[in-house]
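Here's the structure, in structure tokens; my notes come after.
The values are calculated or read from the model by the stated rules, or taken from the named source; none is laboratory data. None of these values were measured; they are calculated from a predicted model. Every residue, glycine as well, gets a Cβ built from its backbone with ideal geometry; the counts of neighbours run over all protein chains shown.
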Amino acid sequence: MEIALGERTAETVTIYFERSARPEIRAMLPQKARTLEEALADYRDTLRPGAASFGRTILADGRYVGDVWCYCIHEDEDPDAMLSFCVFEPSCRSQGAATRAVALFLEEAAARYSLRTVGAFTFSDNAASLRVLEKNGFSVQEEFSEDGRASKYLRRTL
């Protein structure tokens, strides 16, 4: 399976919002936007100069299967950001799609924003996300409980 990154558009944001609303995804990846209108407004914000978030689509053999993005981007004297990703297409899970997409995205985001570190949060029981992050050089920095659910903060120095 060939993994590439593509441009996000209002159309892909709409598809992502609908596909990521599946209960099995919502259980592992909380969503900030509660409505499609909120998701599209958030997307439009990423297009503004100086935006604090940046994302790409994940393409598997040319087919749109998920998203990867950074948020809380700080370009000050110690540039950093937070990472999130989701492969919503079930046939691409456990196939290395997310691992490869994150690697490609980190190269692009690091160059674009001169990032030195990238962090990520995940639920402790999200074994798939933990594997993707660890394969991309992230290590656990902190374990904590959020809303009664065991969670982890991981970080990678670029």
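Report yes if residue 54 is closer than 24 Å to residue 130 by Cα and out of contact with any strand residue (DSSP E or B) (no Cβ under 6 Å at 6 or more places or on another chain), otherwise no. Show your work before the answer.
Details: closer than 24 Å to residue 130 by Cα: yes; out of contact with any strand residue (DSSP E or B) (no Cβ under 6 Å at 6 or more places or on another chain): no.
No: the conditions fail for residue 54.
This table checks each residue for (1) closer than 23 Å to residue 140 by Cα; (2) of a type outside the set (Phe, Trp, Tyr).
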site	(1), (2)
43	no, no
60	no, yes
63	no, yes
74	yes, yes
79	yes, yes
85	yes, no
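When region 122-153 is examined, which residues are found to be in a strand (DSSP E or B), touching an Asp or Glu at 6+ places or on another chain (Cβ under 8 Å) and surrounded by 14 or more Cβ atoms within 10 Å (Cβ to Cβ)?
151, 152, 153
With respect to residue 102, is the statement that it is crowded, with 16+ Cβ neighbours inside 10 Å, under 17 Å from the mean Cα position of the chain (by Cα) and closer than 25 Å to residue 147 by Cβ true?
no
Among the residues of region 90-103, write down those that are modelled with pLDDT under 95 and of a type outside the set (Ser, Thr, Tyr).
90, 92, 93, 95, 96
Starting from region 61-81, take each residue that is within 15 Å of residue 100 (Cα to Cα) and list its partners that are loosely packed, with under 11 Cβ neighbours inside 10 Å, counting only C-beta distances under 6 angstrom and pairs at least six apart or across chains.
61/2
Give just the number: which of (1) touching a strand residue (DSSP E or B) at 6+ places or on another chain (Cβ under 7 Å); (2) modelled with pLDDT under 95; (3) more than 22 Å from residue 15 (Cα to Cα) does residue 78 not satisfy?
Unmet condition: (1).
Condition check: in a loop (DSSP other than H, G, I, E, B) and not charged (D, E, K, R). Does residue 119 satisfy that? Before you say what the answer is, go through the steps one by one.
On the way: in a loop (DSSP other than H, G, I, E, B): no; not charged (D, E, K, R): yes.
Here the answer is no, as residue 119 does not meet what is asked.
Please enumerate the residues belonging to region 1-51 that are over 17 Å from the mean Cα position of the chain (by Cα), surrounded by 11 or more Cβ atoms within 10 Å (Cβ to Cβ), of a type outside the set (D, E, K, R) and under 26 Å from residue 123 (Cα atoms).
Scanning region 1-51 gives a single hit, 36.
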